[in-house]
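Input: a single structure, listed below in structure tokens.
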Amino acid sequence: MVISRPSKTRSMRGQCALIHNMKLCCAKTIKTCIRSRLWRQQKSKTNPQRKEITAMAIFHMSFQNISAGKMRSAVASASYRSGEKLFSDKEVKSYFYKRDVMPEAFILTPKNAPEWAKDWQQLWNEVEKKDRKANSRYAKEFNVALPIELSEQEQKDLLTKYVQENFVNSGMVADAAIHKDHPDNPHAHVMLTNRPFKPNGK
């Protein structure tokens, strides 16, 4: 039996669906937050005249692969995005990228994932050990702009909900990092594992 790889067209359709889901999630969250703020303003009577607030979010989302074929390291990529100092077992060297503003980084794991999957260094070193081919794809990453209309906590809640529902619940580990280097450009990088954990956590 011949098993064919997913076509590039199918892959693009999948990415379009994920981007569409994120757009809907952003729009719904912004709308809910704006309504909540208007309600609080009216209740406190600090602003008796209702002001119309218009969401002006500029949406951006893109996907890319982190692979050995492109001479990229999963450990180095995770270090750059999270701001953590990580040691690569494969290259026998440490990676650390100094930042003026530390990213807000966290890892989301499926229920059957072992505890060590929440550790950046062990997670991505294990990924590189499992995939030793010259063209191995270590992870898929997406970069998404976060609505400036939301507070920092609301941005994190939005990202967490989207990643949990669309990736983690399907068995992937998600390494997320919110970058706030520029106040007018909050965005997130999310690295996703390609191999799901088995029911026994291996």
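My understanding is that a pair violates if its Cα-Cα distance is over 22 Å; which of LYS129/LYS180; LYS93/LYS129; LYS130/LYS202; LYS129/LYS202; LYS156/LYS202 do that in this structure?
Listed pairs above 22 Å: LYS129/LYS180; LYS156/LYS202.
Could you compute the net charge surrounding ALA117? Neighbours are other residues with a C-beta less than 13 Å from the C-beta of ALA117; K and R count +1, D and E count -1.
In short, +2.
Quick one: net charge of TYR97's neighbours, Cβ under 10 Å, K/R +1, D/E -1?
+3
Which three lengths, in whole Å and largest first, does the stretch 84-202 cover when its Cα atoms are put on their principal axes?
Reported extents, whole Å, longest axis first: 42, 33, 26.
Please state, to two decimals, what the Cα-based radius of gyration of the stretch 70-141 comes to when divided by 2.2 N^0.38 Å (N = residues).
1.11
If I stretch the segment between ARG195 and LYS161 completely, what's the gain in nm (0.36 nm per residue apart, minus their alpha carbon distance), one decimal?
Fully extending the segment from ARG195 to LYS161 adds 10.1 nm.
State, to one decimal in nm, how far the label point of LYS130 lies from the label point of ASN65, with both points 7 Å from Cα in the Cβ direction.
A separation of 1.7 nm, rounded to one decimal place.
Net charge within 11 Å of PHE197 by Cβ-Cβ distance, Lys/Arg positive one each and Asp/Glu negative one each, not counting PHE197 itself? Intermediate values should be presented prior to the final figure.
On the way: positive: LYS111, ARG195, LYS198, LYS202; negative: GLU126.
That sum, taken over residues with Cβ under 11 Å, equals +3.
We did not get these values from a lab; they are worked out from the coordinates using the rules stated. In this text, all values refer to a predicted model and were calculated from it rather than measured experimentally. Glycine gets a Cβ as well: all are built from the backbone with ideal geometry, and neighbour counts include every protein chain shown.
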